[in-house]
Amino acid sequence: MWSSRERLLFLLAALAATAPAWPGLQPRSPIRDEMLAPGEVAVLVPVVLLFPISWALLAREKRIGRGVGSLLVCLVAGWSLGTVHLATYETPPTVDDHLHGYLIVAGLAVLIAAVVTRSVVPKAGLGVWLLGCAAAVAVPVVSGPPTSPEADLPPGITAAESRLDCHRSCTRVQTVPAAGTARARALTRQIGEHLERDGWRMRWYDFTAEPDVECRRPHRLTDPYYLCLQLRAIGDPDAKVEVRLYYGNRHDPVYKAS
């Protein structure tokens, strides 16, 4: 039998194998942000440890328990080292690929070993393994930034033009014509206040008609793209308001969220 002490040592080794991804131990670059923020590490490390925990609950025979345990520790170390040294949050990012690949390989390793070594599976070990499978399915494969949507303009205001300006990513530009500079500034305020009611967070200033708009965070952990909004009041002779929506990569050294 694989002893409780050896199971605990195996779990501690798996936890130690995640150390390269911990804040303070990640490699730093003067022109690049840390690969993983503390909040991301706090979520990802427990997810990565799901399959080692399931194996600690499932394994019974000492030799196979040690062998598969060593393999899982190596896989965890491969994930953490690969994430901080090889994976990038550039466009498109590859951090999600490393996590997805690790979860699939680790899950299969535990499944095959459990099937080969026993016919009766403890419910706790099976439950943790199923949680790992759910995490593997939930991890998205993130490619380039999605196409920027159109902003919801106030009733009675219609954009004369809606176009995509594409370079590294695409910016949706909606143009609302205005009858003069004063009207362009008033429209900017009206559109901005309407978008605030739609959930955008803004900060207004006395010295400019254009607000500082906070980007919207993504819903998925490994998705680096924030949806950002800009309002521009352009004065005479071609007075207008430009509403710009674009996706910014939060790990891009040029881009910073508000």
Legend entry - Positive-pole candidate from Ala178, Ala209, Pro224, dipole of the range 161-249, charges at beta carbon: Pro224
Legend entry - the range 4-138, relative contact order [Cα under 8 Å, separation at least 6], %: 32
Legend entry - Listed residues Asp152, Asp96 arranged by accessible area, highest first, probe 1.4 Å: Asp152, Asp96
Inset, instruction - May I ask you to give the percent of accessible area on the chain that is carbon plus sulfur, with a probe radius of 1.4 Å? - result: 60
Inset, instruction - Please state the charge dipole magnitude for the chain, taken about the Cα centre, from unit charges on C-beta atoms (+1 on K and R, -1 on D and E), reported in debye and rounded to the nearest 20. - result: 1120
Legend entry - Long-range amide H partners of Cys215 with built H, under 5 Å: Ser258
Inset, instruction - Can you send over the solvent-accessible area of Ser162, 1.4 Å probe, protein chains only, in Å² to the nearest 10? - result: 50
Inset, instruction - First select every other residue whose beta carbon is under 9 angstrom from the beta carbon of Leu227; then total the charges, Lys and Arg +1, Asp and Glu -1. - result: +2
Inset, instruction - Report the full-extension gain for the segment Leu15 to Arg189: residue separation times 0.36 nm, less the Cα-Cα distance, to one decimal in nm. - result: 57.5 nm
Inset, instruction - Provide the FRET efficiency to the nearest 0.05 for the Thr181-Ala138 pair, computing r from the beta carbons and using R0 = 51 Å. - result: 0.55
Legend entry - Solvent-accessible heavy-atom area per residue, rounded to whole Å², over the chain at 1.4 Å: 53
Legend entry - Lys62, Lys123, ranked by accessible area, largest first (probe 1.4 Å): Lys123, Lys62
Inset, instruction - For each cysteine in the chain, check whether another cysteine's C-beta sits under 4.7 Å from its C-beta; list those where none does. - result: Cys74, Cys133
Legend entry - Förster-model FRET efficiency, 35 Å R0, Thr208 and Val43, C-beta, rounded to 0.05: 0.35
Inset, instruction - Please work out how much length the chain gains when fully extended from Ile234 to Glu61, using 0.36 nm per residue of separation minus the C-alpha to C-alpha distance, in nm with one decimal. - result: 54.9 nm
Inset, instruction - For the chain, build the charge dipole from Cβ charges (+1 Lys, Arg; -1 Asp, Glu) around the Cα centre, then report which of Gly192, Cys166, His85 sits farthest towards its positive end. - result: His85
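The values are calculated or read from the model by the stated rules, or taken from the named source; none is laboratory data. Keep in mind that what you see is a predicted model, and the values were worked out from it rather than measured. So basically every Cβ, Gly included, is an ideal-geometry build from the backbone, and we count neighbours across all protein chains shown. Quick note on the areas: whole protein, heavy atoms, side chains included, nothing else; ligands and nucleic acids left out. Shrake-Rupley method; radii C 1.70, N 1.55, O 1.52, S 1.80 Å.
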